Amino acid sequence: MGIWPDNTCLMCDMPWKNNRVLYDGSPCCRGDGEESLACCLWLGALCLKMGADGRLRGEKLGESEPLFAFETGKRVRRGSMAADVLFKTLYFAAGDEILALDLESGEILWSLRLNGEAQSPMLFELAGPGGILPLLGAGDESGSFFAVCRESGETLWRAEIGFPIADVAAYAEGRLYISCTKLVACLDASSGDVIWFQNTEAERGILHDGYYLAGGKAFRASDGLSSP
């Protein structure tokens, strides 16, 4: 098997979904007999299991006892985890909060309360005068989107888009692309300022080859114009 599993989840044998550019993740479609899983994530030999009821376990291959266990007490979204291997930290959404968990100790490093139920977080980096700034982006059902320092949990900026954020944001070349219930918005990743937005009924989107694809339309990433 090697360090990384193949293209299926070892707990439910379902194909991986929502693979991230930086991190391999596999939200499960059913439980493992113990609980209903919202998602699972493999980091080397460490398997992180997140229950839909907010229970989190860290398990190592070949060991019967979990390395750590944690209960959020809140509902967890399917596929709501993102991991930073540099800081050895897991970030996840639970209810109206984003939490950062130390993967070695199982302790919560920081938490951030949003304005509504939190959407799944995503990770991106910005270049600044002092070097690379590792950030986390997350939106909520109220239409707010937050850019947060991964290490401290301090909010860098907050943007009010006005419509519930429906999907994980995409990042490329200093811009964030966000699908909401009524529109697609492109934000400046360093400030949160709106660069462009377009109306669409799609609640999911994907960034591909210079276009943001949503609702059967291809919006040019540079200016948001729809491709014929």
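The values are calculated or read from the model by the stated rules, or taken from the named source; none is laboratory data. Keep in mind the model is a prediction, meaning the values are calculated, not measured. Cβ: placed from backbone, ideal geometry, glycine included. Neighbour counts: every protein chain shown.
Below is a table of values for the structure above.
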read-out	value
Single residue of segment 146-158 satisfying the filter (of a type outside the set (S, T, Y) and not in a strand (DSSP E or B)) that is surrounded by the fewest Cβ atoms within 10 Å (Cβ to Cβ)	E154
Criterion (of a type in the set (A, V, I, L, M, F, W, C), over 22 Å from K182 (Cβ atoms) and either at pLDDT 95 or above or crowded, with 19+ Cβ neighbours inside 10 Å (or both)) met by exactly one of I165, I161, I98	I98
Count of segment 143-186 residues which are of a type in the set (S, T, N, Q) and either more than 25 Å from I108 (Cα to Cα) or in contact with a helix residue (DSSP H, G or I) (Cβ under 7 Å, 6 or more places away or on another chain) (or both)	2
Test: residue in segment 198-213 that is within 18 Å of V148 (Cβ to Cβ), surrounded by 18 or more Cβ atoms within 10 Å (Cβ to Cβ) and out of contact with any helix residue (DSSP H, G or I) (no Cβ under 8 Å at 6 or more places or on another chain)	no
Residue check for S105: assigned to a strand (DSSP E or B) and closer than 23 Å to K74 by Cβ	no
Members of segment 168-189 found to be farther than 19 Å from E117 by Cα and surrounded by fewer than 17 Cβ atoms within 10 Å (Cβ to Cβ), listed by number	A172, E173, G174, D188
Residue satisfying condition, being farther than 25 Å from R75 by Cβ and part of a loop (DSSP other than H, G, I, E, B), within set S191, S142	S191
Given (1) touching a residue at least 40 places away in the same chain (Cβ under 8 Å); (2) touching a Gly at 6+ places or on another chain (Cβ under 7 Å); (3) surrounded by 18 or more Cβ atoms within 10 Å (Cβ to Cβ), number of the condition G54 does not satisfy	(3)
